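Below is one structure, written out as structure tokens, with a few remarks after it.
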Amino acid sequence: MRNLSYSIVYIAGGAKHVCNSESCEHFSLNVEEKDNVLSIAINPKCPISFEKFDIIIPYTYGNNDKIFVNGYQSWTDSMEYEPNWQMKELSRSTEFYIMHSFGKSMGLSKSGDGNFWKFPRKKGFFYGWSYGYVRNGNNVNIFGTLTEKYGYTVVSFDCNNNQVIISKELEGVTYTQESKLLEFAFVSGEYDNAFDEYFKLIGTPCRETKKRKGYTTWYNYYSNINADIVNRDLASIVNQDIKFDCFQIDDGYQQAIGDWLITDKKKFPNGMKAVADSIHQSGMLAGLWLAPFAGVPSSKVFKNHPDWFIKDKKGNPYKTGHNWGGFYSIDIYNEEAREYIRHCFDVVLNEWGYDLVKLDFLYGACVLPMHNKSRGEIMTDAMDFIRECVGNKMILGCGVPMFPAFGKVDYCRIGADITENWVNKNTIREDCSNPHATSNAIFRRHLDGRAWMNDPDVFFLREENMKMTFEQRKLIAEINSTFGSLLFISDDIKNYNDEQKAVLKDTFAEKEIKIKKAEFEVQDIIAVEYTENGVDKQFKFNIRNGKTY
């Protein structure tokens, strides 16, 4: 990473300044490089805040190179591009709606980076969060941060100007003393070996190594669940000769989002401990969904403690998402709120007895910089706090910015929510989308077994409530089985015919997988070649419509 140059815009003394070197009027940078790890700290001579902090590295791209950029959080589309392609993005009219008017007031833009990060809209420019790579054949050059506790790192690949740009997202922080800004690595080598080395440098080993098969209530009933539905589907699983490891209750058991310990007694008259007990008696781990930082206006936690929630600059509650009619997120630095979250986990895990918690909408913790902390520092603190609360029980992360969750969760969603039909939407990059879910499962495969065990989301085999062909459903099952480590369904399997049961058994079967090739053959057409228990296999499909070839 020699021949670095800088493009820095900062505020000092109430005025904006530009700096293109390691030493300026108002600060100096301590820059160290050893064994392809770059460390940078700032020594301010007066209070400094940054509007832009870019490190520019010369890099020559080849016509056959593939460029991977990692999306902001679990749901964000993440894939490889060719140097002359252009990143998928919203239409300008859709973006205007989301970023302004009604869409902004409902929090539509908050799940992704669109409300705080801008990038050039042109061919040949690609940006992602925390790490990315350039691949040629089976060799990769990885550019990646070693921590985000100093602020998020954006890695951009500018093929037009033959540059890699490392940017720090430092909004909301004023530096008054010597402070670390960056720890960044460059790793080159064969795909798997390079990622092994990169994660060794990061130093946060994968907590869990076991693949699991299970069931979740969400993708058949959504929030319309009750004890009868749970008991019926639980009995269906027990009466089959197919082994399930986990049975997870998703959204819909609680009285309101945020009131995690107030169970809807009409739906679950015997409470949630009784549900966990039934699951355990059936020989499975019990899982429960929560969005621990979220609260809706109708919840008791929000009504009684509005001061616990994130505020905007005017001191008003700040909506962090549009789900459930719009919700707010807890300020994780509020001590009373932290104690409330600790108590919720203590009850769920120790009194009710759940073994795994699916924790969703975690991005809400860091939608705004606050307390002189950047978004990246806040999210890192949030994930440290969550792991402290959960202890040795298992976490399935979802809706979470990726790097701060490395080594903190046991399983993690790595793509968008799957849907019952294969629709190519043009909305926010974090929206429900089969194209995004399937491509993310393939192109984020390097995280599996290194950062956590990958959750590619559920697959469907049922006929009820379904708008996909059976071929499309089998395709998703094969992708999940090949690239994923958490294989969940939401079907009532007593309704399966023999073919559906056979596909389920094959998807759940223990397999030794080795990926030989997984890439865009042409734009939108992904070709995969792999061995399964030593047998060569392959498939090819169009991510836009789910058509196989």
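Note on segment 321-399: enclosed strands (runs of 3 or more DSSP E) holding 2 or more residues that are under 26 Å from GLY252 (Cα atoms), among the hydrophobic types (A, V, I, L, M, F, W, C) and modelled with pLDDT of 95 or more are 356-359, 394-397.
Can you find even one residue in segment 471-491 that is open to solvent by 30 Å² or more (accessible area, probe 1.4 Å), in contact (Cβ under 8 Å) with a residue 40 or more places away in the chain, touching a helix residue (DSSP H, G or I) at 6+ places or on another chain (Cβ under 6 Å) and not β-branched (Val, Ile, Thr)? Within segment 471-491, not a single residue is open to solvent by 30 Å² or more (accessible area, probe 1.4 Å), in contact (Cβ under 8 Å) with a residue 40 or more places away in the chain, touching a helix residue (DSSP H, G or I) at 6+ places or on another chain (Cβ under 6 Å) and not β-branched (Val, Ile, Thr).
For residues that are part of a loop (DSSP other than H, G, I, E, B) and of a type outside the set (A, V, I, L, M), tally how many sit in segment 141-156. Quick ask: steps written out before the conclusion?
Step one: filter segment 141-156 for residues part of a loop (DSSP other than H, G, I, E, B), giving 146-151.
Retained after the next criterion (residues that are of a type outside the set (A, V, I, L, M)): 147-151.
Final tally of qualifying residues: 5.
When LYS313 is tested against (1) more than 25 Å from the chain's Cα centre (by Cα); (2) modelled with pLDDT of 95 or more, just one condition goes unmet, and that condition is (2).
Within segment 128-154, the set of residues being aromatic (Phe, Trp, Tyr) and either open to solvent by less than 10 Å² (accessible area, probe 1.4 Å) or modelled with pLDDT under 95 (or both) comprises TRP129, TYR131, TYR133, PHE143, TYR152.
The residues of segment 245-274 that are hydrophobic (A, V, I, L, M, F, W, C) and touching a residue at least 60 places away in the same chain (Cβ under 8 Å), listed by number, are CYS246, ILE257, TRP260, LEU261, MET272.
The number of residues in segment 213-250 being under 29 Å from ILE513 (Cα atoms) and not in a helix (DSSP H, G or I) comes to 14.
Selection of segment 413-438 for residues being in contact with a Gly (Cβ under 8 Å, 6 or more places away or on another chain), buried (at least 24 other Cβ atoms within 10 Å of the Cβ) and not β-branched (Val, Ile, Thr) yields ARG413, GLU430, ASN434, HIS436, ALA437.
Scanning segment 514-549 for residues that are part of a strand (DSSP E or B), surrounded by 14 or more Cβ atoms within 10 Å (Cβ to Cβ) and free of Cβ contacts under 8 Å to residues at least 60 places away in the same chain turns up ILE525, ALA527, GLU529, TYR530, THR531, GLU532, LYS537, ASN542.
Within segment 15-53, the only residue that satisfies the criterion of being buried (at least 18 other Cβ atoms within 10 Å of the Cβ) and under 24 Å from VAL140 (Cα atoms) is LEU38.
In summary, ASP245 fulfils each of the numbered conditions (1) open to solvent by 10 Å² or more (accessible area, probe 1.4 Å); (2) closer than 24 Å to VAL503 by Cα; (3) out of contact with any strand residue (DSSP E or B) (no Cβ under 6 Å at 6 or more places or on another chain) with the single exception of condition (3).
Out of the residues in segment 293-320 meeting the condition of being in a helix (DSSP H, G or I) and of a type in the set (D, E, K, R), tell me which one is least open to solvent (accessible area, probe 1.4 Å). The selected residue is ASP307.
Looking across segment 54-83 at every residue that is out of contact with any Gly (no Cβ under 8 Å at 6 or more places or on another chain) and among the hydroxyl-bearing types (Ser, Thr, Tyr), the one that is least open to solvent (accessible area, probe 1.4 Å) is identified as TYR81. The set of residues from segment 216-226 being free of Cβ contacts under 8 Å to residues at least 60 places away in the same chain and surrounded by 19 or more Cβ atoms within 10 Å (Cβ to Cβ) comprises just one member, ILE225.
Name the strands (runs of 3 or more DSSP E) wholly within segment 1-74 that hold at least 1 residues that are closer than 27 Å to GLY112 by Cα and charged (D, E, K, R)?
Numbers: elements: 5-12, 15-19, 27-34, 37-44, 49-58, 66-69.
Those strands (runs of 3 or more DSSP E) span 49-58, 66-69.
One residue stands out in segment 322-346 among those that are at positive phi and of a type in the set (Gly, Ala, Ser): the one that is farthest from the chain's Cα centre (by Cα), namely GLY325. Could you look through segment 408-437, keep only residues that are among the aliphatic types (A, V, I, L, M) and out of contact with any strand residue (DSSP E or B) (no Cβ under 8 Å at 6 or more places or on another chain), and pick out the one that is nearest to LYS88 (Cα to Cα)? Selected residue: ILE428. Of the residues in segment 72-94, at least one is touching a residue at least 60 places away in the same chain (Cβ under 8 Å) and of a type in the set (Val, Ile, Thr).
On the stretch given as segment 4-14, residues that are exposed (fewer than 15 other Cβ atoms within 10 Å of the Cβ) and in contact (Cβ under 8 Å) with a residue 40 or more places away in the chain total 3. Filtering segment 297-323 to residues that are of a type in the set (S, T, N, Q), without any contact (Cβ under 8 Å) to a residue 24 or more places away in the chain and within 23 Å of CYS344 (Cα to Cα) leaves only ASN304.
Under the condition of being on the phi > 0 side of the Ramachandran plot and in a loop (DSSP other than H, G, I, E, B), which residue from segment 157-212 is surrounded by the most Cβ atoms within 10 Å (Cβ to Cβ)? This residue is GLY172. Of everything listed in (1) open to solvent by 10 Å² or more (accessible area, probe 1.4 Å); (2) assigned to a loop (DSSP other than H, G, I, E, B); (3) not aliphatic (A, V, I, L, M), the single unmet condition for ASP457 is (1).
Counting the residues of segment 368-387 that are aliphatic (A, V, I, L, M) and either within 13 Å of the chain's Cα centre (by Cα) or under 22 Å from TRP260 (Cα atoms) (or both) gives 4.
The values are calculated or read from the model by the stated rules, or taken from the named source; none is laboratory data. Only a predicted model underlies this, so the values are computations on that prediction, with no experimental measurement involved. Because the Cβ atoms are built from the backbone with ideal geometry, glycine has one as well, and the counts that use them run over all protein chains shown. Quick note on the areas: whole protein, heavy atoms, side chains included, nothing else; ligands and nucleic acids left out. Shrake-Rupley method; radii C 1.70, N 1.55, O 1.52, S 1.80 Å.
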